[in-house]
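Have a look at the structure below before the remarks.
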Amino acid sequence: MRFFVLGNADRPNVREAAADLLPFLREHGEVVAFDLDQHEDLTKLVADFALVLGGDGAILRAARQMGRRQVPVLGVNLGKLGFLADVAPTEVRAAVSQLIAGNFRTTSHLMFEVEVGERRFLGLNEIVIQSGPPFQMLDMELEIDGEPASTFRGDGLIVSTPVGSTAHSLSAGGPILGQELSAFVVTPMCPHSLTARTIVESAEKTYTIVMRGAAAAFLVVDGQDVVPLREGDRVSVRQAPVAFRLVKVAGRSYYRTLHDKLNWGTPPNYRREGEPPPR
């Protein structure tokens, strides 16, 4: 069994955890790449699994680093939230043993390509178009498969995958999507309108945002790449020809993660009948 060991070396304890894990992995297979600084060209290497140490940001980097040669990712949470990286450091050896025994499943998730001018990026979570200094409202038009769909005035616009629906889009009031759906979510940020609403549409279509008025605006891809935008620029988002694959070990489900990480579905703290009111 061949492994990539990837991660974010800037996170506390990542280097130490990776070094501690290496002997165990080498006992059970071959470590093809050990890269905590995103220097390796993983598109030229072959592995069966990628162990990614850090937070969700490290997984986003790893997915983009693997480019069009995605391998299943097992995320080890050494970050703040770990929505995708849901294996605790103390559970890594048990999780790898389950991989070796074949006791796991992989889920497949939509990735996107975004194009602006001559530049093209691969991503997993979302693209964000947002205003910059002096932070004036942006005027944007949304086209879906070349057809005018809506106009937006506000602080920006988010086009998210289902995986990214629990990230920036959620903070902007967008819905939670099942992670394996084939759809995009278009969420306006602080729209100056009473009728602007989130749009959920098929991933088979192309989404183009046309910048109609912007003193200063930026395209941000997965929170990592930033591209300045000008009036007249066209930002096109479409489904990528590859999918991100995530390893799921026994006992981990999407709804359990929503509950544990985001307190989703937690009822209000009702006072029980007969219990005195708080003072």
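Observations, loosely collected:
- Whether region 111-241 is rounded, prolate or oblate, judged on the alpha carbon gyration tensor where a/c under 1.5 counts as rounded: rounded
- Ranked by how many other Cβ atoms sit within 10 Å of their own Cβ, fewest first, the residues Met140, Met211 fall in the order Met211, Met140.
- Cα-based helix-to-principal-axis angle, 56-66 vs the chain, degrees rounded to 10: 90 degrees
- The trypsin sites (Lys or Arg not before Pro) of region 155-232 meeting both criteria, a DSSP state outside H, G, I, E and B (loop) and at most 15 other C-beta atoms within 10 angstrom of the site's C-beta, are Arg197, Arg230.
- At most 14 other Cβ within 10 Å, DSSP loop - trypsin sites (Lys or Arg not before Pro), region 7-101: Arg68, Arg69, Lys80
- The residues packed around Gly75, meaning those with a beta-carbon under 10 Å from its beta-carbon, carry a net charge of -2 if Lys and Arg are +1 and Asp and Glu are -1.
- Karplus (6.51, -1.76, 1.60) ³J(HN,Hα), θ = phi - 60°, over region 84-100, in Hz, Gly and Pro reported as x: 8, 8, 9, 9, 6, x, 6, 9, 4, 4, 5, 5, 5, 4, 5, 4, 4
- Taking 15 Å as the straight-line reach from the Cα of Lys261, the aspartates and glutamates in range (excluding those fewer than 8 positions away in the same chain) are Asp56, Asp86.
- Applying 0.36 nm per residue to the separation of Ala250 and Leu22 and subtracting their alpha-carbon distance, the gain on full extension is 79.8 nm.
- Shape of region 24-88, Cα gyration tensor, a/c cut at 1.5: oblate
- Extension gain, Asp260 to Arg230: 0.36 nm times the residue separation minus the Cα-Cα distance gives 6.7 nm.
- Sequence-separation-based contact order of region 138-279, relative, with Cα cut under 8 Å and 6+ spacing, percent: 20 percent
- Per-residue HN-Hα couplings for region 105-118 [Karplus 6.51, -1.76, 1.60; θ = phi - 60°; Hz; x = Gly/Pro]: 9, 10, 10, 10, 9, 4, 10, 10, 10, 10, 10, 9, x, 8
- Stretchable slack from Ile176 to Ala9, in nm (0.36 nm times residue separation minus alpha-carbon distance): 57.1 nm
- Between region 92-141 and region 188-255, the alpha-carbon center distance in angstrom: 9 Å
- Pairs of Cα atoms nearer than 8 Å and 6+ residues apart set the relative contact order; for the chain it is 18 percent.
Values in this text are rule-based calculations from the coordinates and carry no lab data. Fair warning: this is a prediction, and the values are worked out from it, not measured in the lab. Cβ atoms come from the backbone with ideal geometry, glycine included; neighbour counts cover every protein chain shown.
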